[in-house]
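The values are calculated or read from the model by the stated rules, or taken from the named source; none is laboratory data. The shown structure was predicted, so the numbers you read here are calculated from the model rather than taken from an experiment. All Cβ positions, glycine included, derive from the backbone under ideal geometry; neighbour counts span all protein chains shown.
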Amino acid sequence: MNETLDALIRQLDLEPLEVNLFRGQSKHMGGPRVFGGQVIGQALVAAERTVDGRVPHSLHAYFLLPGDAGAPIIYQVDRLRDGRSFSARRVQAIQHGRPILSMIASFQAPEAGLEHAAPMPDVPPPEALSPSDELHERWLSEASPASNLAEALRAPSAIEFRPVEPSNPLRPAPGEPRQAIWFRAVDRIPDDPRLHRCLLAYASDFQLIGTALRPHGRSWYERSMVVASIDHALWFHRAGRVDDWLLYAMDSPSAQMARGLARGLVFDRRGRLIASVAQEGLMRVVLQPGAKP
């Protein structure tokens, strides 16, 4: 298996400490903060390990404090409810004695029912699009970013992204508040539905706030921007494989009071809607010294 992907899978495999108590490790993603998708994925792993015979259908999380990428995270699970069809779990992610994320996940026993779903957008297949590493090199050649930013863009990733309409975040320009991106794990992974769900939760935190920044011609890489996830909601509709291409179709209906809302639909190659996502993020413009308001 690809070394970077294998490291991510091992990172999601939490260490049990006690009943309802787990410990996870973090990885630097080019900065001192923990990537939000990592915390969501690990929190879902912790919740799933306290539920038998039921699968998660939704999670709702709030990011309370920035995570420290140099320290482990403790996940504490509260078993809120185990009914005839549904179970609910609350997960607190704790660092340095304080919660950095609070999440509630709901689980359901599988059952048949009525079905409908939104259609997948008509976009080019991933094979017709440029790989993310090629795009990064092209973008770096068009700008002169700081060395740490160039290092972050060139760092190996466990997830490959192929945007339908690439936009250089190092030289942002105003565009429509929507985008579509194909993504998949860089190698095959075991046939464990729980692992695919947790990797989907991990990947769902990429690109969303970037969608809300697009109409303003701003980027999370700008020193004048403070960008951070505030909350994150994810609904699982159907089983899907993260090592097959998935389409992430995103839009941003609103931004106000230094916050941007973004939504996403995740489709598999067959056009089935497998998940829906919503996130609000901080998009604060910070004036640099000497700049005019």
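Filtering A109, A155 for residues that are surrounded by fewer than 17 Cβ atoms within 10 Å (Cβ to Cβ) and more than 24 Å from L59 (Cβ to Cβ) leaves a single hit, A155.
To keep it simple, each residue is scored yes or no on (1) within 25 Å of G240 (Cα to Cα); (2) surrounded by 20 or more Cβ atoms within 10 Å (Cβ to Cβ); (3) under 17 Å from the mean Cα position of the chain (by Cα).
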site	(1), (2), (3)
D52	yes, no, no
P56	yes, yes, yes
A61	yes, yes, yes
P66	no, no, yes
G70	no, no, no
I73	no, yes, no
G83	no, no, no
V91	yes, yes, no
M103	yes, yes, yes
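Please work out if P125 is in contact with a strand residue (DSSP E or B) (Cβ under 7 Å, 6 or more places away or on another chain) and outside the structural domain of N2 (by TED's automatic domain parsing). Here the answer is no, as P125 does not meet what is asked. Considering V285, V242, V277, the condition of being surrounded by fewer than 20 Cβ atoms within 10 Å (Cβ to Cβ) and either in the same structural domain as L153 (by TED's automatic domain parsing) or within 13 Å of the chain's Cα centre (by Cα) (or both) is satisfied by V285 alone.
In the set L80, L101, L59, only one residue is touching a strand residue (DSSP E or B) at 6+ places or on another chain (Cβ under 9 Å), closer than 22 Å to R238 by Cα, in a strand (DSSP E or B) and outside the structural domain of L234 (by TED's automatic domain parsing); that residue is L59. Of all the listed residues (P177, P172, P253), the sole one being crowded, with 17+ Cβ neighbours inside 10 Å and out of contact with any helix residue (DSSP H, G or I) (no Cβ under 6 Å at 6 or more places or on another chain) is P172. Q207 meets the conditions (1) over 15 Å from the mean Cα position of the chain (by Cα); (2) within 25 Å of T4 (Cα to Cα); (3) polar (S, T, N, Q) in every case but one. The failed one is (1).
Residue selection: S141 fails the criterion of being hydroxyl-bearing (S, T, Y) and within 28 Å of P66 (Cβ to Cβ). Which ones in the stretch 51-92 are touching a residue at least 60 places away in the same chain (Cβ under 8 Å) and aliphatic (A, V, I, L, M)? Answer for the stretch 51-92, where residues must be touching a residue at least 60 places away in the same chain (Cβ under 8 Å) and aliphatic (A, V, I, L, M): V55, L59, A61. Among the residues making up the stretch 222-239, those that are under 28 Å from A143 (Cα atoms) and surrounded by fewer than 19 Cβ atoms within 10 Å (Cβ to Cβ) are E222, R223, S224, M225, V226, V227, A228.
Residue count for the stretch 119-137 under the criterion of being surrounded by fewer than 12 Cβ atoms within 10 Å (Cβ to Cβ) and touching a Ser or Thr at 6+ places or on another chain (Cβ under 9 Å): the result is 0.
Would you call A185 buried (at least 23 other Cβ atoms within 10 Å of the Cβ) and more than 26 Å from E115 (Cα to Cα)? Step through it out loud before you land on a result.
On the way: buried (at least 23 other Cβ atoms within 10 Å of the Cβ): yes; more than 26 Å from E115 (Cα to Cα): yes.
The answer is yes for A185.
If the condition is being part of a loop (DSSP other than H, G, I, E, B) and in contact (Cβ under 8 Å) with a residue 12 or more places away in the chain, then the stretch 133-164 contributes A143, P145, A155, P156, S157, A158, V164. If the condition is being assigned to a helix (DSSP H, G or I) and free of Cβ contacts under 8 Å to residues at least 12 places away in the same chain, then the stretch 115-132 contributes E127, A128. Of the residues making up the stretch 256-270, those that are of a type in the set (A, V, I, L, M, F, W, C) and either surrounded by fewer than 23 Cβ atoms within 10 Å (Cβ to Cβ) or over 16 Å from the mean Cα position of the chain (by Cα) (or both) are M257, A258, L261, L265.
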